[in-house]
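Asks: Quick one: the structure is below, and I'll ask about it shortly.
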Amino acid sequence: MRIDIIDTITDPGKAGRANEDRLGFNRDAAFVLDGATGLGDRQFMPTYGSDAAWIAEFAAARLTDSFTATADARQTVRTISAAARTAFAAVAGDQPRYAWPLAAFAALRATPQALQFCGFGDSVIYILHDDGRAETFTALPEAPAREQAAARIHVDRLGGIGAGGIATSDPQTLEQLRRSRERQNTNEGTVWSFGLVPEAADHLVTQDVVMTGGATAIICSDGLADLVTLYGAYDAGGLVRRAATAGLRPLLGELRRFERELDPDGLTYPRFKQSDDTTAILCRLEI
């Protein structure tokens with residue numbers, strides 16, 4: 001199995017705000033990490049723009065080196081998470097769990113046995129097989145509907161997303177998000193992420209991709225996936241077809257038009273940010 005990179009894109013949701021997404025690839029794998037918006041009172045890790053950007057960068061650099069065809073995926077995640085926890089604690093000390101940086105993750109890896117999906121959270125892989133089959137792989141398929149329902153409550157209460165185009169500007173919503181974040185990567189929660197908890201590796205979602213021929217795939221953060229899950233502009237196969245013919249840049253333009261021109265306040269398409277960081281890899285899969 002071979003993964004050939006065709007195109008990549010990564011774009012911050014707002015000018016002047018840190019891009020908290022990262023992408024990476026090596027000869028065996030390709031992946032996207034989406035750092036979760038920080039909910040702490042301050043930033044701890046310097047020079048990266050945000051702690052979410054730091055954890056995405058920290059993980060991406062190490063995955064590029066270690067996420068090989070024969071590596072144990074869970075042990076790789078465990079090792080990186082343990083190192084991240086040590087690095088964060090050395091700078092930040094003891095902080096509430098809602099301030100711990102974490103990230104969603106989606107990867108394709110060509111192992112000796114099969115093409116494999118690995119993931120945490122709401123990052124997504126769309127695959128269009130040459131025989132016409134379209135598939136979606138994500139560790140948290142219920143995430144879009146759940147987030148949209150929560151965002152609808154927020155938007156209806158405030159009459160829009162909020163100051164600066166981000167819901168965390170509202171104290172009530174911030175407190176609710178913090179309570180939810182504290183349950184991530186614990187047995188009391190339902191969401192496992194790439195972050196500072198090595199035990200989360202036990203909950204890494206893995207699934208073999210059945211290949212009968214070639215295919216084209218998009219590996220993306222939930223920002224680009226919103227064109228499917230939130231705005232309904234494409235289905236999985238349609239999104240891949242569009243990228244395969246026009247590249248990823250036009251899709252970014254379509255996404256930003258929904259966010260900034262058609263529904264800047266989130267009244268029609270409820271969400272917690274006006275514009276989300278958007279990262280994607282377009283790749284060709286060959287047996």
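A short reminder: the numbers here are calculations on the coordinates, not readings from a lab. Worth saying up front: this structure is predicted, and the values here are computed from it rather than measured. FYI the Cβ positions are ideal-geometry reconstructions off the backbone, even for glycines, and counts take in every protein chain you see.
Asks: Comparing Thr86, Thr245, Thr186, which has the greatest mean-square fluctuation in the GNM of the chain with Cα pairs linked when under 10 Å apart?
Replies: Its mean-square fluctuation being the largest, the pick is Thr245.
Asks: In a GNM of the chain with a 10 Å cut-off on Cα contacts, which of Gly160, Gly223, Gly213 has the highest mean-square fluctuation?
Replies: Maximum fluctuation in the GNM of the chain, among the listed residues, is at Gly213.
Asks: Arranged by the count of other C-beta atoms within 10 angstrom, fewest first, what order do Met211, Met45 take?
Replies: Met211, Met45
Asks: Another question, then. Could you give each residue of region 256-267 its phi-based ³J(HN,Hα) in whole Hz, using Karplus coefficients 6.51, -1.76, 1.60 with θ = phi - 60°, and x for Gly or Pro?
Replies: Using θ = phi - 60°, the values come out as 5, 5, 4, 5, 9, 10, 7, 8, x, 9, x, 6 Hz.
Asks: Then there's this: Can you run phi through the Karplus equation (6.51, -1.76, 1.60; θ = phi - 60°) for region 135-148 and list ³J(HN,Hα) in whole Hz, with x for Gly and Pro?
Replies: Whole-Hz 3J(HN,Hα) from phi for region 135-148: 10, 10, 10, 7, 6, 9, x, 7, 4, x, 5, 5, 5, 5.
Asks: Where is the GNM fluctuation largest for the chain (alpha-carbon springs, 10 angstrom cutoff): Asp51, Asp41, Asp265?
Replies: Asp41
Asks: Still on this model: What would the Debye equation give as log₁₀ I(q)/I(0) for the chain at q = 0.11, 0.13 Å⁻¹, counting only Cα atoms as equal point scatterers?
Replies: -0.60, -0.85
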